[in-house]
């Protein structure tokens, strides 16, 4: 069993401020609301002190799930954009990792120690060095897993769309779990041994990425000082990245991840056919539909839209993706959200469907 770090009596607001002030800077800490839908207005230029603060990255699949949930729930929140790309890797900074170690997940979930190509905490374990992270100032809590964050928001806020209706709760959560277990990370970092589908700029950015990440972890370890919980988190991250570096160049593992993805998409087409509506549950938009919107758009961004257009035509998925990509919350929080990395990839992709 991995070492667990018990929550300590620390001022979460103070730890949060240190991440904003010492790691990010004013220009990336903004306020998102229905009148300011994108990160362009500094938080301290307003009189609003939001209950929620989100630390996230534009292209992060898990961050997109949370931003979409906040948009659907019509919640005003503080947006703190963390640069997770090498050589910055701000999510590895001691200040940010300390914030995540204050979460319930840090004390209750086994730590990350392997790599399966997924981003699910259930399969990977808890990683203290990733995004997103949500701070609830009203309750003095830090929530540090994307699915847990989305469920937390839905359970604590009644505004906006009811994303988890009581009468279909279990079915919605079952679909959420399917998306959460899709090997998106493998498809981003790894090469399809039968022909790399990713845009050239993405292939270049991902080449040797795990080596660069390990180097960034080691740099931040030297800044951690005598802080055993922090040093333990860094060592566990290195173990994960070493495993990932082998996985993404292993032809058998990558073929298995792609085959698994094809099965997931084929099942989605069957589920949509049975639904007979605009979404998975008739015409009701749920958290499952939002998660699928993020998932399908990620496939488009990394060159895998062919899974439902050319490899095998899945008409229900194709029509579903088109509807999802035109939903306001999806456009605001994912498609139109400022993201130089995605824009570069989109300009080269021939499979773009949105």
*asked:* Let me confirm something: among 116, 158, which residue is in contact with a helix residue (DSSP H, G or I) (Cβ under 7 Å, 6 or more places away or on another chain) and either in contact (Cβ under 8 Å) with a residue 12 or more places away in the chain or surrounded by fewer than 23 Cβ atoms within 10 Å (Cβ to Cβ) (or both)?
replied: 116
*Listed residues 309, 239; which is over 22 Å from the mean Cα position of the chain (by Cα) and either farther than 21 Å from residue 63 by Cβ or at pLDDT below 95 (or both)?*
309
*Within the bounds of the stretch 41-52, is there any residue that is at pLDDT 95 or above, surrounded by fewer than 22 Cβ atoms within 10 Å (Cβ to Cβ), part of a helix (DSSP H, G or I) and under 22 Å from the mean Cα position of the chain (by Cα)?*
no
*Within the bounds of the stretch 309-325, is there any residue that is buried (at least 16 other Cβ atoms within 10 Å of the Cβ), assigned to a helix (DSSP H, G or I), touching a strand residue (DSSP E or B) at 6+ places or on another chain (Cβ under 8 Å) and touching a residue at least 40 places away in the same chain (Cβ under 8 Å)?*
yes
*What number of residues within the stretch 147-160 satisfy the criterion of being over 20 Å from residue 98 (Cβ atoms) and either in a helix (DSSP H, G or I) or under 16 Å from the mean Cα position of the chain (by Cα) (or both)?*
8
*Given (1) within 24 Å of residue 63 (Cβ to Cβ); (2) in a loop (DSSP other than H, G, I, E, B); (3) in contact with a strand residue (DSSP E or B) (Cβ under 9 Å, 6 or more places away or on another chain), number of the condition residue 304 does not satisfy*: (3)
*From the list 180, 145, 136, 127, which one is in contact with a helix residue (DSSP H, G or I) (Cβ under 6 Å, 6 or more places away or on another chain) and assigned by TED's automatic domain parsing to the domain that holds residue 106?*
145
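The values are calculated or read from the model by the stated rules, or taken from the named source; none is laboratory data. The structure presented is a predicted model; accordingly, all values stated were derived computationally and were not measured. Don't worry about glycine lacking a Cβ; one is built from the backbone with ideal geometry, like all the others, and counts go over all protein chains shown.
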